[in-house]
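A.B. asks: Take a look at the following structure, please.
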Amino acid sequence: MSADALIRALGLPDATRVGRRVPKKLLAEHGAATAADKRQVQDGVDEVQWLASLKPHLIAVPSFKDEQREYLEVAVLSMKLKPSTKPGRLAELLHRAVPYPVLLLTSYDLGVSLSLAHIRESQNEADKTVLDGSVLSVLLPDEGHGADFYAAVALAKQPQADLFALYQGWLDTVSALDVAQETGRFLPSLTREQSAARHAALQDCRQLKAQIAQLRSQAEKETQIARQVAFNQKIHAAQSQLRALQRTLSEESA
């Protein structure tokens, strides 16, 4: 899967295209909070490109402003990482560095991931933005297996009330792709509330899977029969909870 395929699927107007290289030092200066972060930028990032700027007069979607944030545009960027570099922290640093909500395409060893995160005005520093919540990042499927997602992610399919609604629409669409990795089927949520509920259930599923893996590891190391039985009972209970959550996600995706 290439970043170009996602850009085609977005269906952005030609007037929004930027195609400008972003120096790594800007990411290090504006996004990196520590010396370790700056080293990671220098050692792990190959290049960053500003692909498009989605401004109100270019896409006919109004800007947004409330007590917490002002969205004057949505930025589309790509980041290419060097071999063996993990994307998680570097993607977060880029979202922190750019004072606009960003659609970030990160190319690395496993493929291309798409990440998003709301931002808001900092309460402590004037003219500075901070992340508002966690970064949502999902590995993109190839075009053959992700046709429903690539149709749903188009600019024209998102809410058009304002730039906040537009960006939230993309967040919900990518969240539905995240759910599809658990259910095996992509289907957009019908409401914001449903999207939030499905996202929460998905996180619970992942926590339970991690818990089950930890319990199994502990059970394998245990030498006392009684404690092995206790671990197996905990595993069985966690598996039952996991199956119930998976059924819930599948029903909401049906």
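Nothing in this text is a laboratory measurement; each read-out follows from the coordinates by a stated rule. Computed from a predicted model, the values in this text were never measured in an experiment. Here the Cβ positions follow ideal geometry from the backbone for every residue, glycine too, while neighbour counts run over all protein chains shown.
A.B. asks: Test of understanding: what is the full-extension gain from Lys157 to His57, defined as 0.36 nm times their sequence separation minus their Cα-Cα distance? Display every interim value, and only then the final one.
C.D. replies: Numbers: separation 100, 0.36 × 100 = 36.00 nm, distance 1.83 nm.
Net length gain for the segment: 34.2 nm.
A.B. asks: Still on this structure: Per the Debye formula with a single identical scatterer at each Cα and no solvent contribution, what log10 I(q)/I(0) holds for the stretch 151-254 at q = 0.20 Å⁻¹?
C.D. replies: -0.94
A.B. asks: Work out how much length Ala33 to Arg20 would gain on full extension: take 0.36 nm times their residue separation and subtract the Cα-Cα distance, in nm to one decimal.
C.D. replies: Computed gain between Ala33 and Arg20 is 2.2 nm.
A.B. asks: For the chain, what Kirkwood radius comes out of the mean inverse Cα-Cα distance, in Å?
C.D. replies: Details: mean 1/r = 0.0502 Å⁻¹.
About 19.9 Å for the chain.
A.B. asks: A 24 angstrom limit on the alpha carbon distance is what I want to check against. Which of Lys65/Lys86; Lys55/Lys157; Lys55/Lys86; Lys86/Lys128 exceed it? Present the calculation step by step, with values, prior to reporting the outcome.
C.D. replies: Working: Lys65/Lys86 34 Å; Lys55/Lys157 17 Å; Lys55/Lys86 31 Å; Lys86/Lys128 27 Å.
Check vs 24 Å cut-off fails for Lys65/Lys86; Lys55/Lys86; Lys86/Lys128.
A.B. asks: Compute the Cα gyration tensor for the stretch 5-94, then decide on rounded, prolate or oblate, letting a ≥ b ≥ c be the square roots of its eigenvalues: rounded whenever a/c is under 1.5, prolate when a/b is larger than b/c in the other cases, and oblate in all that remain. Write out the running numbers ahead of the final one.
C.D. replies: Details: a/c = 2.60, a/b = 1.55, b/c = 1.68.
The shape class here is oblate.
A.B. asks: When the chain is treated as a GNM, springs tying every alpha-carbon pair under 10 Å, which of Gln40, Gln228, Gln68 comes out with the largest mean-square fluctuation?
C.D. replies: Maximum among the listed residues: Gln228.
A.B. asks: Quick check: residue separation of Glu67 and Lys86 times 0.36 nm, minus the Cα distance between them. What number comes out in nm? Working shown, then result.
C.D. replies: On the way: separation 19, 0.36 × 19 = 6.84 nm, distance 3.52 nm.
Using 0.36 nm per residue and subtracting the Cα-Cα distance, I get 3.3 nm.
A.B. asks: Just to be sure I understand: with springs between alpha-carbon atoms less than 10 Å apart, which residue in Gln42, Gln214, Gln160 has the highest mean-square fluctuation in the Gaussian network model of the chain?
C.D. replies: Maximum among the listed residues: Gln214.
A.B. asks: Let me ask something else about it. Between Gln239 and Ala147, what is the label-point separation in nm under the 7 Å Cα-to-beta-carbon projection?
C.D. replies: Placing both labels 7 Å along Cα→Cβ, they lie 3.6 nm apart.
A.B. asks: Let me ask another. For the chain, which longest stretch is free of loop sites, where a loop site is one of the GluC sites (Glu not before Pro) that DSSP puts outside H, G, I, E and B and that has at most 11 other Cβ atoms within 10 Å?
C.D. replies: 126-254
A.B. asks: Below 8 Å between Cα atoms, with a sequence gap of 6+, how large is the relative contact order for the chain in percent? If you can, show how the numbers build up before the last one.
C.D. replies: Details: 406 pairs, mean separation 37.5, N = 254.
So the answer I get is 15 percent.
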